[in-house]
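The values are calculated or read from the model by the stated rules, or taken from the named source; none is laboratory data. Note that this is a predicted model, so its numbers are computed, not measured. So basically every Cβ, Gly included, is an ideal-geometry build from the backbone, and we count neighbours across all protein chains shown. Accessible surface areas use protein heavy atoms only, side chains included; no ligands, DNA or RNA. Shrake-Rupley method; radii C 1.70, N 1.55, O 1.52, S 1.80 Å.
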Amino acid sequence: MKLFSSVHDVQDIKQLVASALALKASPYAHSDLGKNKTLGLVFMNPSLRTRLSTQKAALNLGMNVMVMNMDKEGWALETQDGVIMNGTTVEHIREAAAVMGEYCDILGLRSFPKLQNREEDYNEQFFNKFVKFCGVPVVSLESATRHPLQSLADLVTITETWKPIPNPSQREGSSNSLKLAEAQTPLSFGEAGRGLPKVVLAWAPHIKPLPQAVPNSFAEWMCKAQAEEMLDFTIAQPEGFELEEGFTPGAKISHNLDEAIADADYVYVKNWSSYKEYGKLLDFPEGWMMDNEKLKLTNNAKVMHCLPVRRDLELSSEILDGPNSLVIHEAGNRLWSAQAVLKAMLENL
């Protein structure tokens, strides 16, 4: 693996998930793999989980790590070719990325969209030019359109915690419901008589328009997992908030949250702005925040969110503080998803 920017860069998602879970069970089993290798983490935007988890993952593998907060510590970069740099930009991405590649064996890059020009954002110009000019393997730490490390961690979390109930009459309130502290070896998806988990990506309210990167990426990974017969996937959003169709092949689409989450085993809560009316936060009907009343419609679903989350706006505090929340468990798995990807890259250096 020389590039990790989307699920399309992964040959076998089941194997990658299994690798992450194996690393979780034995974090330092490959601590010599990264000896004398350096990971450079380049941030154009703020980060908490992505920075800490990826840095820790590299250390677990024996790597040296350098962090560059370009938005605060670096020069303003020019990305356009053929321009006279007589404005506010100081250094061209051609030189900046190439120099970073001289210092590092693997680079990670995080860059958010501007949400002003859809074509510009979805062309991923900044990310693609960085990959082109740096000359070393690159891990996406989130780009304008995707957040693959988050989505891998999400799939790891679902795989690890899925404990289906064989008898439908036992579903609600069953003692067989997941208790994370008692979780055993994950079941194989599609195992005879086990069924598949129903996973719902549920749009949530917000006070400002947010990028589509996380929901795009989650949808893309879940659609791939559905094609691999790992789960059943539905997307619920108000009209006008549909994602770009290329990210949702095979997903069921609903504009009714209550209907979508009926009998759901996992509800992934996330806000995103409109793709069609790009970057806009459109008017939407009430009733799109997940709370315990909504939870009653599900199969005692586990609730997920990538974090950070605005309590009692995107997701109710009663869920976040209750037994159905997986948000901390999910965030913990960010470490193992990053370590699995870095391990795959190091093995091919």
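Values for this structure:
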| quantity | calculated |
| --- | --- |
| Flag for Ala20 being open to solvent by 60 Å² or more (accessible area, probe 1.4 Å) and either on the phi < 0 side of the Ramachandran plot or in a loop (DSSP other than H, G, I, E, B) (or both) | no |
| Criterion (among the acidic types (Asp, Glu), modelled with pLDDT under 95, open to solvent by 70 Å² or more (accessible area, probe 1.4 Å) and in contact with a helix residue (DSSP H, G or I) (Cβ under 9 Å, 6 or more places away or on another chain)) met by exactly one of Glu95, Glu78 | Glu95 |
| Residue check for Thr50: outside any loop (DSSP other than H, G, I, E, B) and of a type in the set (Ser, Thr, Tyr) | yes |
| Pair list, Cβ under 7 Å, 6 or more apart: the stretch 8-36 residue within 20 Å of Ala227 (Cβ to Cβ), other residue open to solvent by 60 Å² or more (accessible area, probe 1.4 Å) | Ile13/Lys224; Ile13/Glu228; Lys14/Glu228 |
| Listing of helices (runs of 4 or more DSSP H) fully contained in the stretch 101-165 that carry 2 or more residues being more than 23 Å from Lys56 (Cα to Cα) and open to solvent by 40 Å² or more (accessible area, probe 1.4 Å) | 118-122, 125-134 |
| Residues (closer than 16 Å to Leu346 by Cα and not in a helix (DSSP H, G or I)) located in the stretch 53-71 | Leu61, Gly62, Met63, Asn64, Val65 |
| Top-ranked residue of the stretch 269-321 - restricted to ones that are touching a Pro at 6+ places or on another chain (Cβ under 8 Å) and either basic (Lys, Arg) or open to solvent by 30 Å² or more (accessible area, probe 1.4 Å) (or both), ranked as nearest to Ala213 (Cα to Cα) | Lys270 |
| Residue in the stretch 306-325 that is under 22 Å from Glu259 (Cβ atoms) and of a type in the set (A, V, I, L, M, F, W, C) present | yes |
| Residue within the stretch 267-275 that is within 20 Å of the chain's Cα centre (by Cα) and among the small types (Gly, Ala, Ser) present | yes |
| Filter result for Val131 (farther than 28 Å from Val267 by Cα, over 17 Å from the mean Cα position of the chain (by Cα) and modelled with pLDDT of 95 or more) | yes |
| Residue ID - least open to solvent (accessible area, probe 1.4 Å), chosen from residues in the stretch 322-349 that are under 17 Å from Leu21 (Cα atoms) and without any contact (Cβ under 8 Å) to a residue 40 or more places away in the chain | Gly332 |
| Failed condition for Pro27, given (1) out of contact with any strand residue (DSSP E or B) (no Cβ under 9 Å at 6 or more places or on another chain); (2) assigned to a helix (DSSP H, G or I) | (2) |
| Residue ID - farthest from Gly279 (Cα to Cα), chosen from residues in the stretch 224-246 that are open to solvent by less than 10 Å² (accessible area, probe 1.4 Å) and among the hydrophobic types (A, V, I, L, M, F, W, C) | Met230 |
| Looking only at the stretch 72-95, and only at residues there that are in a helix (DSSP H, G or I) and out of contact with any Asp or Glu (no Cβ under 9 Å at 6 or more places or on another chain), the one that is nearest to Ala144 (Cα to Cα) | Lys72 |
| Selected residue (criterion: farthest from the chain's Cα centre (by Cα)) from residues of the stretch 219-260 that are within 23 Å of Pro308 (Cβ to Cβ) and outside any loop (DSSP other than H, G, I, E, B) | Leu257 |
| Asp263 being touching a strand residue (DSSP E or B) at 6+ places or on another chain (Cβ under 8 Å), closer than 23 Å to Ser325 by Cα and at pLDDT 95 or above | yes |
| Failed item, numbered, when Val65 is tested on (1) touching a helix residue (DSSP H, G or I) at 6+ places or on another chain (Cβ under 7 Å); (2) surrounded by fewer than 16 Cβ atoms within 10 Å (Cβ to Cβ) | (2) |
